[in-house]
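Everything on this sheet refers to the single structure shown next.
The values are calculated or read from the model by the stated rules, or taken from the named source; none is laboratory data. Predicted model only: the values in this text are computed from it and were never measured. Cβ placement follows ideal geometry from the backbone for every residue including glycine, while neighbour counts extend to all protein chains displayed. Only protein heavy atoms, including side chains, enter the accessible area calculation; ligands, DNA and RNA are left aside. Shrake-Rupley method; radii C 1.70, N 1.55, O 1.52, S 1.80 Å.
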Amino acid sequence: MVQAILSNLGILLLMHLMINTCLYLNQTKKIHDTLIPIIHIAIVTGTVITMFYFPISYQGLNFDFRLVPLIFLALFHGWKYTVPVVLLVSVYLGLVEGNMNIQEVLFTIMFPPLMALLSYPLNRNKMYYLKTFWIIIVSWLVSDLAIVLASPIGPAIFRELAFIRATSILLCSYILYFFIYSGTAHLQLTKQLQVYAERDPLTGLYNMRKFEKVLSSFEPGSKRMFIAMVDIDRFKKINDMYGHQVGDQAIYSVGDIICRKLQKDMFAARYGGDEFIIFIAAETRELAVDHLEEIRLEIGHQSFFRGHREISLPISLSIGVAELQRVPDLKGTIEQADQQLYRAKKMGRNCVCG
């Protein structure tokens, strides 16, 4: 019996490992978002079905821990994930095994997740231990009714195994939750570290390393490629007059507008200080300049706040544009765009040159 219990626990932990691996691959962009629900449902369905073949046998009656993955699936992912799993497992029992027991399906497959769904919606990052304890206990009691009703000696067996069954199911449940919690925390930390490695902390735009990486894999097709260097006009004066906090707010606001104005085949990074770099793939130079003009004009309508008080802080941008012939020519193209940027400043600022 101990070996069978450990087998069921091993199946649960293998399920967690597979799901966690898929989530990690999704986080690293190796699995598309749309595939995650399908894969998750398939893994849990396979887990429940596999448990049929590793039962805990006692005097001719078979038990397993199938209610554990079903309860956790319902608690953490709701009915959209749970209903397909319940249907797939039921169909498997009826068509593949050919021995579907209605009582078994109702008590061991349908009732536990239904109770979890009706009890309360669980925050995916938090577990309410007492409530979860009672969900597991009541689900176990009801699911074992199928066993009790299946045999004349069922009530006697139930009394003999009640403590072992309750203890082992609870133990496996909380071991599984520990790994779920640890895995979730690890994924969140990995995601946070990835953001730190790829994004500018003030604006949320790419840093230059990520910018160059994205550019190196970009396929323009028939479009022409352009690099724009963007600079906040008279930024030193803003810092001197209002302080560095307002200066940071200005940089953040410009970065936010750039981010919101990015369209298909465009991406941007904070180049350094109050300077930004934007990549644009467009059919013509005129279309690229039009995109940049939209950003420049939007800045003029931006309000700035110091604490809770709105202040009159006119912000404008000077922008220089140069065409990027080949990705390896990025450094030279940045120098050309910088020259156009200085030309825009000599022309009176607040304009796009190139």
Just give me the residues in the range 262-297 being open to solvent by 60 Å² or more (accessible area, probe 1.4 Å), closer than 22 Å to Ala344 by Cα and in contact (Cβ under 8 Å) with a residue 12 or more places away in the chain, in sequence order. Tyr271, Arg285, Glu294
Of all residues in the range 172-215 being assigned to a helix (DSSP H, G or I) and among the aromatic types (Phe, Trp, Tyr), which is farthest from the chain's Cα centre (by Cα)? Tyr174
So which pairs qualify, if the first residue must be in the range 140-154 and farther than 14 Å from Leu106 by Cβ, the second must be part of a helix (DSSP H, G or I) and at pLDDT 75 or above, the Cβ gap must be under 7 Å, and the two must be at least 6 apart or on different chains? Trp140/Leu67; Trp140/Arg165; Trp140/Ala166; Trp140/Ile169
Select from the range 150-171 the residues that are outside any helix (DSSP H, G or I) and not hydroxyl-bearing (Ser, Thr, Tyr) and list them in ascending order. Pro152, Ile153
Over the range 1-27, the set of residues in contact (Cβ under 8 Å) with a residue 12 or more places away in the chain and of a type outside the set (A, V, I, L, M, F, W, C) is Ser7, Asn8, His16, Asn20, Tyr24, Gln27
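Residue-wise test of (1) at pLDDT 75 or above; (2) within 24 Å of Ser7 (Cβ to Cβ).
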position	(1), (2)
Pro121	no, no
Ala150	no, yes
Ala156	yes, no
Leu171	yes, yes
Gln188	yes, no
Tell me which of these Ala268 doesn't satisfy, since it passes every other one: (1) in contact with a helix residue (DSSP H, G or I) (Cβ under 8 Å, 6 or more places away or on another chain); (2) more than 17 Å from Leu205 (Cβ to Cβ); (3) at pLDDT 85 or above. (2)
Hey, Val195 more than 23 Å from Gly348 (Cα to Cα) and either surrounded by fewer than 14 Cβ atoms within 10 Å (Cβ to Cβ) or at pLDDT 90 or above (or both) or not: yes
With hydrophobic (A, V, I, L, M, F, W, C), modelled with pLDDT under 85 and on the phi < 0 side of the Ramachandran plot as the only criterion, which of Leu23, Leu106 stands out? Leu106
Could you check the range 10-22 and list, in sequence order, the residues that are open to solvent by 50 Å² or more (accessible area, probe 1.4 Å) and either under 21 Å from Val83 (Cα atoms) or part of a loop (DSSP other than H, G, I, E, B) (or both)? Met18
Which residue is nearest to the chain's Cα centre (by Cα), if the candidates are limited to the range 216-240 and must be exposed (fewer than 13 other Cβ atoms within 10 Å of the Cβ) and among the acidic types (Asp, Glu)? Glu219
